[in-house]
């Protein structure tokens, strides 16, 4: 394989792996803050138990997220040296701000995880606030850099493409920032909420229907519900932004080949470059024009308007987009339906619990496919309209070997993390059941 | 002093903080590997207790260093990414495995008495990361990286996959071990462990002294650019280092652990700043000066502002962290 393919595979694997830990690093602290805060107010030990247990799990997740994030900061230069040489002065600023947010998160997490016995309960709870805030800030800062790659602004180029001047604030607050940032932050809460809800729904299904599980399930579901509804709104404005600013990406998202007025929406289907249409799709006439521009006869540019070397791969982008939108809507319906049922009956039936278990991994898939849309949809550009991915890639040797090494390590880490978290849950259960009989030697 | 110089100084400070803080965490891994005797389990537990609350915060100095480097000196980052692809990638694998293994092992504390799989991985990855970061430093300092028309004409092995690179890598590992053993001596004062870590500090100190002197003696032959730095503008700091080195060892030997900790930290600071000041104003000698690599002025100013605001949050937070976990004045309430 050539360096471009290997570098994209390595970067994609690293991002796809890290993002799962990164979003939990944003959402879990909010849940910790909530649970410990409720315990402080009410003195209810169930909430304290949840906070302590989540803190242990979060300790592992944060460590893996921190080291995999380090890999990414290096890989920007290791895999894309020409991209960084060109863009560092523009996207570096939000990354540097992110470093301080990461500092804050790591410092207060250290205090939180190891400070149970060294701080008063109120002091301890207070340390969770900077963790939650800096986790959210990290997400906002990092996504600014990605937004700049989609709508690069804040610089002037000379006739030979040399950089004449930079406005780093205009680069950080580029047009895409305003749609990408809120959407990603909300997605982080979506995933954290649904993953937590799924874990406890599974516990209840396996017969552990206690206050501990029920409250954890409802807390996760509450965060997920709030976030998924809002993410629907920000996702809609993101799509309309892409329609206006990145027409090639939009055409690929929708599987639209021919520019037309009154364009239909294609739901599902497989875009075929040879037949110039989205095969087997369900078509809703005029719907795309209506959604994108609030006008049933608005013009939507098709892929054919771009030379073949400037088009993203419509199969990947369209299928990812439909997966994200479809799963996102199902998650929203499931969340609202669950609350309606719970409000009427004060319980959740087994069928809904099974769906909530599935919603955990589904929320991760939704978030990942959302990133596929952003990243595959921007291709062949690494900086949209300015620098091609193929021009930015490294010429270093042995990329195949290092890709294999990272793939192996990430697979190992994912499996081990899962095994440890399951083991942690089992250990906590035995500890709670055997709490009365357990001697000091067994600690 | 230009804005580029100010940022270079700031980043060199971050590198120094990374070396004396995260370096000691890597050294903790070495101590874990070397744990032996009847108190092997207690030694590993002491390492884990010392690192646990702080290693992630210590690690972020590297992130700040990297993001600061590509913000302020993007061209240099591009060149380093190309020329040092291999040592950086190997160091990264070490960093990932070290951190993950440490976190994973933390959830099976009973295994600390005997060497465990995670423990061995934690220890060996803690050697790999500073070793290869050290070889990368050797490549830069020795002036081995050469660029012709945007391509790395010196190849992908220059300056680091050499005996001298390996010497500097080993020196970095020994310094990490020295820092860790010295800190652990202070943090276990009055316990039997103090003697264990003192012995290790002496060994690591002697080892780093031998390696450091060898690196210095060989520099004119193997790394002329480094020799030029150290015997040029870096000379006063180098001489101070040559005096402070034996003094630090004496302090360890004479059971003055707090003084020893200060002196060992000073030694790392002197070595790094002798190199840094000596190399100024070059960033990647002989190819690239700070001025030539620097981002446009607006970016440099913005980075200084962000760093200033960031420091207002960072410094009190760091103070709190170390006050809570590293100060003997606070009694355990547990």
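Across chain A, the relative contact order, built from alpha-carbon pairs under 8 Å that are at least six residues apart, equals 18 percent. Placing R0 at 56 angstrom, the Cβ-Cβ distance between residue A:358 and residue A:117 gives a FRET efficiency of 0.90 after rounding to 0.05. For the segment A:397-404, counting C-beta atoms of other chains within 10 Å of every residue's C-beta and taking the mean gives 2.
Taking a ≥ b ≥ c as the square roots of the Cα gyration tensor eigenvalues, the stretch B:1-142 comes out prolate, since a/c reaches at least 1.5 and a/b is larger than b/c. Compactness check for the stretch A:165-214: Cα Rg over 2.2 N^0.38 Å is 2.01. Taking every C-alpha pair closer than 8 Å and separated by at least 6 residues, the mean separation divided by the residue count of chain B gives a relative contact order of 22 percent. Measuring r between the beta carbons of residue B:240 and residue B:327 and using R0 = 41 Å, the FRET efficiency lands at 0.90. Rg and Dmax of the stretch A:3-442, both derived from C-alpha coordinates alone, stand at 23.3, 79 Å.
Could you work out the relative contact order of the stretch B:4-65, using alpha carbon pairs under 8 angstrom and six or more residues apart, expressed as a whole percent?
Numbers: 32 pairs, mean separation 31.5, N = 62.
Once normalised by length, the contact order is 51 percent.
Kirkwood hydrodynamic radius computed over the protein assembly as shown comes to 27.7 Å, based on all pairs of distinct alpha carbons. I'd like the FRET efficiency for residue A:261 and residue A:306, computed as 1/(1 + (r/R0)^6) with the beta carbon distance as r and R0 of 22 Å, rounded to 0.05. Efficiency at R0 = 22 Å is approximately 0.75. Approximating the spin labels as points 7 Å out from Cα along Cα→Cβ, the residue A:340-to-residue B:192 distance works out to 6.9 nm.
Considering all C-alpha pairs of the stretch A:225-273, those separated by over 16 Å amount to 50%. Each label point was placed 7 Å from the Cα along the Cα-to-Cβ direction; for residue B:149 and residue A:430 their separation is 6.7 nm. Global dimensions of the stretch B:3-301 from alpha-carbon coordinates: Rg and Dmax equal 19.1, 61 Å. Working note: 222 nm ellipticity from helices only, DSSP H runs with n ≥ 4, each -39,500 (n - 2.57), summed and divided by the residues of chain A, gives -26000 deg cm²/dmol to the nearest 500.
Averaged over peptide B:298-305, how many Cβ atoms belonging to another chain are found within 10 Å of each residue's Cβ? Mind showing how you got there, number by number?
Values: counts 11, 13, 3, 1, 11, 6, 0, 2.
What the average comes to for B:298-305 is 6.
For chain A, the longest principal axis of the alpha carbon atoms and the long axis of helix A:399-433 meet at an angle near 30°. Computed from Cα positions, the angle between helix B:23-34 and the longest principal axis of chain B comes to roughly 50 degrees. Averaged over peptide B:99-105, the number of partner chain Cβ atoms lying within 10 Å of each residue's Cβ comes to 6. Across all directions, the average projected area of the convex hull around the alpha carbons of the stretch B:164-249 is 5.6 nm². Taking 7 Å along the Cα-to-C-beta vector as the label spot, tell me the residue A:405-residue B:161 distance in nanometres, rounded to one decimal. Here the modelled spin labels are 1.2 nm apart.
Only helices enter the 222 nm calculation for chain B: every DSSP H run of n ≥ 4 contributes -39,500 (n - 2.57), and dividing by all residues gives -25500 deg cm²/dmol, rounded to 500. For the stretch B:200-319, the fraction of C-alpha pairs more than 25 angstrom apart is 45%.
Please report, largest first and rounded to whole Å, the three semi-axes of the ellipsoid equivalent to the stretch A:205-249, where each semi-axis is the square root of five times an eigenvalue of the C-alpha gyration tensor.
Values: eigenvalues 300, 21, 5 Å².
Largest first, the stretch A:205-249 gives 39, 10, 5 Å.
Rounded to the nearest 10 degrees, the angle from helix A:314-345 to the longest Cα principal axis of chain A is 30 degrees.
The numbers here are math on the coordinates, done by the rules we state, and not lab data. The model shown is predicted, which means the values in this text are computed figures rather than measured ones. Using ideal geometry, Cβ is built from the backbone for each residue, glycine included, and neighbour counts are taken over all protein chains shown.
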